[in-house]
Every structure is written in structure tokens, then in C-alpha cells.
Amino acid sequence: MAHATYLREKARAMRIERQFTIDELAERLALSRSTVYYWVRDLPIPGSGSGGEFPATARRKGTLAMQRKYRRLREAAYQEGLEEYDTLALDPTFRDFVCLYIAEGYKRNRNTVSICNSDPAVMRIAVRWVRRASAKKPEFLVQYHADQNPEELRRFWSDALTIEATIKLLRKSNSNQLTGRIWRCRYGVLTVRVGDTRFRVRLQAWMDCLRAEWL
């Protein structure tokens, strides 16, 4: 079907001057998208494909929007941590856990909660609170020396902490250089780790509350 020449000229003018998209032109001119596309395909506009700057701008805007979204989620989780602190503190082991994390916990990653120690009593408290505070499945890892039996260590920690998941094993890189030492972590060093941003932010609030009490 042939269309009046002025419609093609109008479509091209609207494309250039007002940067209308294919859909907008088709709607305003009551034409099919294929017809409009055929008329203006050589006139890219920002956001219509290669040759425009909009894709990069859109990515930046999308990144900023995502950052705002996750910042709001972190702020909400932090507020949640502040509000639940007093209730959780009724459990005497709660402050123990927070103290342990201040002293032994990994704090460089705001999306992960991770703590390691060689003392079963310490790790029993840590594992209990990790399981209680996060719905996500934690990971377990044991670091050991060359003269230790890794399978025995794995069985020990599995029994001591009722760990059903597989415990990963990591041999210490300097273990062969310490053959004359008079000390050793008898059970290796156990790490419990969970990737949970909400838990990590709440934990930060708990640590801040406890530090405020000390001050």
C-alpha cells in the first residue's frame, strides 16, 4: 500500500527534530511499525541503537538506580538490626557472638558473614547464630597442617557442630615449614561462611550497638 509522500517526510522530521521512537511515530501517524521503520531506519536517535549515546547513559542510570535500590535495602536491614538488638540480647550467647565477630570476624566484605577459629566452643556459638540469623545455607572449611589427617578433622567438626554439609579442606601453604613447632591447632581452623547481605548489615548494626554500650 502506497502512502502519501508528506507522511514519510513528516515521520522523518519528527524523528530528527523530536527524536520520536518507532512506536511513537507509528502511533501518531496511524501507520505500521514496519512502514515507519523503513522510512526512518537511516536516522538513529539516542536510544535507538548504535550511533546514539543513550545506551551508555541508560546503563549509567540503570546502575545508579540499582545502587539506590540496594542502598535502601541495606539501610532497611541496618534499621532492622538496631530494632531487634535488645530482644536478641536477651539470649546470653548473642553478645558472645557479636563480641566474637568484632574480634575474629571477616569485615571487609559487606555481603558475607565469615568467622574462623580453632576452638570448638567458640565455633559452636558462631555456627548457632549464623544458622539462626540467616536463611541461607552456610559453607564450612577446615584449614589444616601437613601432619594432620584431614578426614579425621572433617569428622571431628561434623560431630562437634552437627554439620551435615560437606566440609571443605584447605591445607595451610606454610605447613611444611613448621615441622619443628611446639604448637598446633589440634583440630585445625574451622571457618563458617554465608553469603547474605541482609545478615551482614544487621550484624553491623549489632556490632555498633555493642560498641556504643562499651563507650
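Only beta bridges with both residues in segment 69-215 are counted; by DSSP, about 70 percent of them are antiparallel. R0 = 30 Å: FRET efficiency of residue 158 with residue 102, Cβ-based, nearest 0.05? The calculated FRET efficiency here is 0.60. With an a/c value of 1.5 or above and a/b larger than b/c for the gyration tensor axes a ≥ b ≥ c computed over the alpha-carbon atoms, the chain is described as prolate. Could you work out what % of the accessible surface of the chain is carbon and sulfur, using a 1.4 angstrom probe and leaving DNA, RNA and ligands out of the count? Answer for the chain is 50 percent, counting heavy atoms of protein chains only. Contact order for the chain, expressed relative to its length and based on alpha carbon pairs under 8 Å spaced 6+ residues apart, stands at 23 percent. Sorting 106, 144, 187, 101 by accessible area puts them as 106, 187, 144, 101; the probe is 1.4 Å, largest comes first, and only protein heavy atoms count. By the rule of a C-alpha distance below 26 Å, with chain neighbours fewer than 8 residues away ignored, the lysines paired with residue 61 are 69.
Taking 22 Å as the straight-line reach from the Cα of residue 168, the lysines in range (excluding those fewer than 8 positions away in the same chain) are 107, 136, 137. On the beta carbon distance between residue 139 and residue 18, with R0 = 41 Å, the FRET formula returns roughly 0.15.
In the chain, the DSSP-assigned H stretches of four residues or longer account for a calculated mean residue ellipticity at 222 nm of -18500 deg cm²/dmol, using -39500 (n - 2.57) per stretch and the full residue count as denominator. At a probe radius of 1.4 angstrom, the accessible area of the chain per residue rounds to 64 square angstrom. Available extension along the chain between residue 28 and residue 67 is 10.4 nm, counting 0.36 nm per residue and deducting the alpha carbon span.
The values are calculated or read from the model by the stated rules, or taken from the named source; none is laboratory data. Quick caveat: nothing in here was measured; it's all calculated off a predicted structure. Every residue, glycine as well, gets a Cβ built from its backbone with ideal geometry; the counts of neighbours run over all protein chains shown. Keep in mind that these areas ignore ligands, DNA and RNA; they rest on the heavy atoms of the full protein, side chains included. Shrake-Rupley method; radii C 1.70, N 1.55, O 1.52, S 1.80 Å.
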